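Notes follow the structure.
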Amino acid sequence: MRVVDRSERPNPHSKAIALWPRGIEALARFGAADELHRRGVVLRAQNYHSQGRRVARLAFGGMRRTRYPYALSIPQQETEAVLRDVFQDLGGVIEFGTSLTGFSQDGEGVRAELETGSAQRTTERFGWLVGCDGAHSTVRRAARGSTQGSRMSPRRSTSGAVLGRGARPVGERAARGGAGGRR
Ligand SMILES: Cc1cc2nc3c(=O)[nH]c(=O)nc-3n(C[C@H](O)[C@H](O)[C@H](O)COP(=O)(O)OP(=O)(O)OC[C@H]3O[C@@H](n4cnc5c(N)ncnc54)[C@H](O)[C@@H]3O)c2cc1C
């Protein structure tokens with residue numbers, strides 16, 4: 001099994017800051033749970049603060065139908081590092097600096113067009129092609145699958161919590177925000 005990534009190296013930055021129960025369950029199936037827990041911090045609750053006072057508390061303990069009734073705080077580059085190790089232990093090969101530029105398929109499999117950083121182009125055959133290439137996926141576009149979603153209202157949409165100062169119990173995260181929220 002081979003993974004190609006057009007980036008020259010693993011992304012050192014994090015988008016995701018937490019794994020949620022279903023995500024942990026999915027990664028546990030590949031044997032990644034122990035290492036993810038070793039590197040992450042279990043969050044039993046999140047507290048939301050605005051203008052110096054707590055306005056909401058989200059406790060995770062009520063989830064009964066999961067082995068992981070909590071959020072695991074872990075930067076995405078750590079999650080990806082764990083997954084790379086698991087994948088390579090299983091015999092997988094990862095190639096950075098190689099882009100998928102297109103593909104065609106027939107009854108036998110897929111013919112993938114690959115380009116390396118030195119602009120060297122090759123065409124190689126595979127039984128399967130799995131597109132895990134993000135929001136602007138070459139695979140989905142080339143497969144003419146629908147990449148169009150519906151528009152979401154930006155109203156009330158927040159992304160990325162800013163950690164607040166002040167005391168918080170171990171295993172809880174405090175997020176500061178909202179109109180006038182101090183940073
Ligand atoms: C601000 C922000 C916060 C987030 N927080 C969370 C969170 O707390 N918890 C959570 O679970 N999720 C979170 N997410 C979502 C999470 O980051 C994404 O779901 C996840 O990154 C998607 O992974 P992916 O592998 O599909 O795509 P990506 O992470 O975008 O990776 C795609 C990879 O494909 C490669 N690639 C692209 N095109 C090609 C090509 N043609 N050939 C070869 N390689 C290619 C890219 O180089 C890249 O390495 C957050 C997202 C954002 C933006």
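Taking label points 7 Å from Cα along the Cα-to-Cβ direction, THR122 and PHE87 give a separation of 1.7 nm. Modelled label positions at THR101 and ARG140, each set 7 Å beyond Cα in the direction of Cβ, lie 2.4 nm from each other. Distance between the 7 Å Cα→Cβ label points at ALA26 and LEU58: 1.7 nm.
Computed 3J(HN,Hα) for region 117-122, one whole-Hz value per residue from the Karplus formula 6.51 cos²θ - 1.76 cosθ + 1.60 where θ = phi - 60°, is x, 8, 6, 7, 10, 9, glycine and proline marked x. Taking every C-alpha pair closer than 8 Å and separated by at least 6 residues, the mean separation divided by the residue count of region 1-139 gives a relative contact order of 28 percent.
Per residue, the convex hull spanned by the alpha carbons of region 63-119 comes to 188 Å³. The mean of 1/r over all distinct Cα pairs in region 1-107, once inverted, gives the Kirkwood hydrodynamic radius of 16.3 Å. Taking amide H as placed 1.01 Å from N in the peptide plane, the amide H of HIS49 sits under 5 Å from that of VAL55, ALA175, ARG176, GLY177, each at least 5 places away or on another chain.
In the distance distribution for region 50-146, Cα-Cα pairs more than 17 Å apart total 71 percent. Straightening the chain between ARG38 and MET1 buys 10.6 nm, computed as 0.36 nm per residue apart minus the Cα-Cα spacing. Computed about its Cα centre, the charge dipole of region 19-76 is approximately 280 debye, with only Lys, Arg, Asp and Glu carrying charge at their Cβ.
Remark: region 87-102, residue by residue, has Karplus-estimated 3J(HN,Hα) of 4, 5, 4, 7, x, x, 10, 10, 10, 8, x, 10, 9, 8, 9, x Hz, where x stands for each Gly or Pro and the curve is 6.51 cos²θ - 1.76 cosθ + 1.60 at θ = phi - 60°.
Where a number appears in this text, it was derived from the coordinates with a stated rule and is not lab data. Predicted, not measured: the structure shown is a model, and the values here were computed from it. FYI the Cβ positions are ideal-geometry reconstructions off the backbone, even for glycines, and counts take in every protein chain you see.
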